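Below is one structure, written out as structure tokens, with a few remarks after it.
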Number of protein chains: 2
Amino acid sequence: MSSAGTDLGRRVTIRDIADATGVAPSTVSRALSLPDRVNHVTQQRIQQAARELGYVANSQARALTSGRTRAVAVLVSDITNPFYFDVIRGTQHQLSAAGWTQLLVDTEESADAELAALGAIATKADGAVLTASRLSDAQIARFAERTPLVVVNRRPAGVPSVLIDTPGGVEQAVQHLVSLGHRDVLYVAGPDSSWSNERRWRALVRVAKRLGVRVARISPHAPFVDSGAAAADAAVNAGATACIAFNDLIAIGMLTRLRERGVRVPEDMSVVGCDDIFGADFCNPPLTTMTSPIERAGRVAIRMLLARLGAAHSGAGQGPGSGPASGDDLPDGHAAGAVALPTHLTVRESTGPAPASPRRPT
Amino acid sequence: MSSAGTDLGRRVTIRDIADATGVAPSTVSRALSLPDRVNHVTQQRIQQAARELGYVANSQARALTSGRTRAVAVLVSDITNPFYFDVIRGTQHQLSAAGWTQLLVDTEESADAELAALGAIATKADGAVLTASRLSDAQIARFAERTPLVVVNRRPAGVPSVLIDTPGGVEQAVQHLVSLGHRDVLYVAGPDSSWSNERRWRALVRVAKRLGVRVARISPHAPFVDSGAAAADAAVNAGATACIAFNDLIAIGMLTRLRERGVRVPEDMSVVGCDDIFGADFCNPPLTTMTSPIERAGRVAIRMLLARLGAAHSGAGQGPGSGPASGDDLPDGHAAGAVALPTHLTVRESTGPAPASPRRPT
DNA sequence: TTGAAAGCGCTAACAC
DNA sequence: GTGTTAGCGCTTTCAA
């Protein structure tokens, strides 16, 4: 009892509309997808008939002939990680606002799965967003030649990318710790395969040198809350009084473990996370962290991709939103270049003054 | 330098394979999708050639002729809600294990968007999973006639559904509170449009009556952390000493607000959440909540859907997983019936003994 | 077991 | 402007 008209068994095709209105199927096609190339009156008649018959375009057929699917694939390396939820949220919003479809693919940290997905995607989607790809820059660049790609948190030459400027955040974090009297900072590393991990560490080393702070690094930890326990133990063992963790998941896990062990945060140990994911503000104590515009990164990635795919789209049929993706959050940065999104430090209760007699980190 | 063979500009089609092997395209098609209906030797030859040429089936074309897309749409009412993350995680895993594609759609709490999506989906996917649908039972049933559907947390007659048994959890929660000496329980309601909300409230009334507990209910709250502040104020104002919130988001928001106001949890007020989402274990204090097998619900929904769509699938080509969805987590419950997944209460530190002189709730 | 031919629903030249 | 004619890449009768 809503938008669907008279239903017969079969799905309505442009032929049905053609028969109903007495025009050729091709005219119907035009009236629906290129409305200006058709007499205004017949155009109206056709659209009317389409509505009455409850016509819904067959996207497969449309894709087969036109080569365009109006879908984009979003690849995440681990759908279990809350970080990606924000990315997905951003891509989803921007995509649906433009009337496009999102194909969500979890590559499960596997380069092979990623390759397979990229291969399969070529016919299913017009482009893809790669977040935290496990492929080499060369591999990414190669695929980018065939399929329009935008990468998030990677920077392969020639491929448009969206970068979250966590190095900038690292600088703020160190400065914050210094202002609290800390002189030693321990980096709780993320996975070796992570591009961001290296990037953060290098930024940390650079800033630390400039500010005269000693830094150390403990071995890689998988980006899960559960990894935080081992990380906390290692940090305590290293005599650390201030840690910067690869991400909030690890940091939150550390908080829990430190509490269990009776290590007070921030009195005995300051902890800084990265990303400001869901939960960082209500954990115990609330986490000082580098707030990343993650959702925005997702939106921006889609906007860049859609721009490359030819932004203008006549709203042919149904679907909530239509028209090109709107919004003013696309920083300047050339269509094929890299866009860097700023990060800022959000200070909460997990950081505080350095202990009076700091133990020395290893 | 991996799976892709000699590339020419164009994508490889079955024609290319046919030319390369000297058979007809139709034979190639058969060799790839119905391998047993072809001479074993030529079959091998064809598959070999396909591999060497780097053939990837065009899913559009396949869908156009066969009518099957090997994709399913998952509709969520608000992708912003962590509850759905777990659902999506479950659906994604089960789907990719079977070599299927997931189309993620955010209906943004709008019945119209949901209708539109369902219409559009018919050609894009072979079926859909509806979580927390905003449509009427009749509307859902009507769509289910055309498109295979599985609903989560709804129970329209004749449509297979996956139910998370939060009413069972409510019973445990009340009993827990009673055992702590509570005699008054306040229900912090979720949105009126939520089917689960009514269901939980009715369960609460029923159990409370049986156990001789007084219950009250405060007005609806949107399922966001931010709504928790108003909810907490209302609860305090009502003189409550024990609350059961519609979900963890609201409960976590309440925790924060109560802390700000100096109301101690659980000494002054016990708080119970629902769902056990990410964060419920590390908020402050950790939340007593009804643990729901959300991810499992997603997996089960997909398994039911795939079963209805004809589980057996010959692994024609690439893709990480192939073969029918495996796993042993499909509870008995008829293919077209309702499957109820049990919930259990996880007691953490947000609940404790009733205050000595309880104030009376309104 | 294999090939030839038709056609899925739509778009895109090309004529009229 | 609009109709006619070919396909897109694949599956699927129907014969051979």
Give, ordered by residue number, each residue of the range A:275-306 whose 1.4 Å probe accessible area is reduced by a minimum of 40 Å² on adding the remaining protein chains to the chain alone.
A:Phe278, A:Phe282, A:Asn284
Using only the Cα atoms of the range B:160-255, build the gyration tensor, take square roots of its eigenvalues as a ≥ b ≥ c, and label the shape rounded, prolate or oblate: rounded if a/c is under 1.5, else prolate if a/b is larger than b/c, else oblate.
oblate
Label points for B:Ser179 built 7 Å along Cα→Cβ; distances to same position in the other copies, nm, shortest first, come to 4.9
Given the options A:Arg210, A:Arg202, A:Arg134, state which has the largest fluctuation in a GNM of chain A using a 10 Å cut-off (strictly under) for Cα springs.
A:Arg210
Treat every Asp and Glu Cβ in the protein assembly as shown as -1 and every Lys and Arg Cβ as +1, leave all other atoms uncharged, and give the resulting dipole magnitude about the Cα centre to the nearest 20 debye.
740 debye
Run through the other copies and list how far each one's label point is from that of A:Gly22, in nm with one decimal, shortest first; the point sits 7 Å from Cα along Cα-Cβ.
5.8
Cross-link reach list, lysines versus B:Lys124, counting only Cα pairs under 21 Å and skipping chain neighbours closer than eight places
A:Lys124
Expressed in nm to one decimal, what extension gain is obtained for the pair B:Asp36 and B:Ala61 from 0.36 nm per residue of sequence separation less their Cα-Cα distance?
6.8 nm
State in Å² the accessible area per residue of the protein assembly as shown; use a 1.4 Å probe, count heavy atoms of protein chains only, and round to the nearest integer.
41 Å²
The protein assembly as shown - percent of accessible surface contributed by carbon and sulfur, probe 1.4 Å:
52 percent
Run through the other copies and list how far each one's label point is from that of A:Lys209, in nm with one decimal, shortest first; the point sits 7 Å from Cα along Cα-Cβ.
7.5
Of the convex hull drawn through the C-alpha atoms of the protein assembly as shown, the volume per residue in Å³ is 179 Å³
For chain B, alpha-carbon Rg over 2.2 N^0.38 Å
1.24
Indicate, rounded to the nearest 5 percent, the antiparallel portion of the DSSP beta bridges found entirely in chain B.
10 percent
Return the value, in Å² to the nearest 100, of accessible area buried between chains A and B (probe 1.4 Å, both sides summed).
4400 Å²
For chain A, whose charge dipole is built from +1 on Lys and Arg Cβ atoms and -1 on Asp and Glu Cβ atoms, the candidate among A:Ile277, A:Leu211, A:Gly262 with its Cα farthest towards the positive end is A:Leu211
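The values are calculated or read from the model by the stated rules, or taken from the named source; none is laboratory data. Keep in mind the model is a prediction, meaning the values are calculated, not measured. Quick reminder, even Gly has a Cβ in these numbers, built from the backbone with ideal geometry, and neighbours come from all protein chains shown. Quick note on the areas: whole protein, heavy atoms, side chains included, nothing else; ligands and nucleic acids left out. Shrake-Rupley method; radii C 1.70, N 1.55, O 1.52, S 1.80 Å.
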